[in-house]
Amino acid sequence: MFDFGFWEIALILIISLIILGPERLPVFASQFGSLVKKIKDFANNLKTSIENESRMNDLKKIIEEQKEELSEFEKKIDSDEK
C-alpha cells in the first residue's frame, strides 16, 4: 500500500516514542491498528457494493434485451398466424 522502507518506519517509531512516551505508545498503536482495520473493512465493503451494483446493472440490461427479443418474436408469431 505505502512504500515505506525500514529506516522510514524506524524514524516514525522513534518520533512516536518521543512524543507519546513509552507508556502511551502501545495503547496508541493498538487504537491506530483498529482504526486502520476499520478503514480497510469499509473500503472492501464499498468495493464489493460497487461491484455488485455494476453486475446488477449488467443483468438488468441483459433482461431488457431479452424482453425486447421476446417481444419481437411474439410480434413475428402473431403476424405469421394472421
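Odds and ends about this structure:
- Residue satisfying all of: in the range 1-31; outside any helix (DSSP H, G or I) and of a type outside the set (Phe, Trp, Tyr); surrounded by the most Cβ atoms within 10 Å (Cβ to Cβ) among these: 24
- Residues of the range 49-82 satisfying the condition of being among the hydroxyl-bearing types (Ser, Thr, Tyr) and more than 23 Å from the chain's Cα centre (by Cα): 71, 79
- Matching residues in the range 25-64 - criterion: being β-branched (Val, Ile, Thr) and under 24 Å from residue 15 (Cβ atoms): 27, 36, 39
- Matching residues, the range 20-50, being in contact with a helix residue (DSSP H, G or I) (Cβ under 9 Å, 6 or more places away or on another chain) and either of a type in the set (A, V, I, L, M) or in contact (Cβ under 8 Å) with a residue 24 or more places away in the chain (or both): 20, 25, 27, 29
The numbers here are math on the coordinates, done by the rules we state, and not lab data. All values derive from a computational prediction rather than experimental measurement. Please note: Cβ atoms are built from the backbone with ideal geometry, for glycine as well, and neighbour counts cover all protein chains shown.
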